[in-house]
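Just below is one structure, and these are the notes that go with it.
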Amino acid sequence: MISHSRRHCVVELQALPSRIGQIRRIVSAQLRHWQLDPLIDRAALGVTELLTNVHRHAQPDKTCVVEIELRLGRLTVSVIDSDPRLPVLHETQAGALETCGRGLALVAALSESWGARHQPDGPGKVVWFSLTAAPAPAAPPQPVRIETRPVREPARTVVVSVDPGILDPNAVGTGVPVASPVGAGPG
């Protein structure tokens, strides 16, 4: 089930690897819709880590709810599951070679704040993180190039009248008049 309001989005799912990519795309699309493009990468990475934890650790099932909410300039991403055990942040040392167990440390590093709490109205827990939300800057105005060309008037038709008697007989059909010396007559 997906429900949307202007500043709230909720998605219920099974936290399976095949669904995690879909949720990343949903979160990214919602943030684009809210014009929060600068937060997309961090929010998508954080929700991936939280869903991966549900997939690896939640008992008895992998059903969860992802909730994203924009309120008072703060984006909060929450994952709610039915396992009452709260997650534990494992401190890792720089250069450590662990291949897992860094999810919450990564969430803590990419967010302004994060936390976990028991569900007040039932079994399970909520794990969340928040990011300061600033709308994406408007694209700077691009200069518009206007090409200017001189206006050309249509060609004018010129009508010339020529006395056929002064045409060069060798240039017949060309319409080229021949100049004759002044005072020269026929013959």
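The table for this structure:
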{"item": "Qualifying positions in segment 21-38 - open to solvent by 90 Å² or more (accessible area, probe 1.4 Å) and part of a helix (DSSP H, G or I)", "result": "25, 32, 33"}
{"item": "Some residue of segment 85-93 being open to solvent by 50 Å² or more (accessible area, probe 1.4 Å) and in contact with a strand residue (DSSP E or B) (Cβ under 7 Å, 6 or more places away or on another chain)", "result": "yes"}
{"item": "Residues (under 15 Å from residue 108 (Cα atoms) and within 17 Å of the chain's Cα centre (by Cα)) located in segment 40-68", "result": "41, 42, 43, 44, 45"}
{"item": "Qualifying residue in segment 3-20 (condition: at pLDDT below 90, out of contact with any Cys (no Cβ under 6 Å at 6 or more places or on another chain), open to solvent by less than 70 Å² (accessible area, probe 1.4 Å) and outside any loop (DSSP other than H, G, I, E, B))", "result": "yes"}
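The values are calculated or read from the model by the stated rules, or taken from the named source; none is laboratory data. Because the structure is predicted, anything quoted here is derived from the model rather than measured. Note that each Cβ is placed from the backbone with ideal geometry, even for glycine, and that neighbours are counted across all protein chains shown. Just the protein is used for accessible areas: all its heavy atoms, side chains included, with ligands, DNA and RNA removed. Shrake-Rupley method; radii C 1.70, N 1.55, O 1.52, S 1.80 Å.
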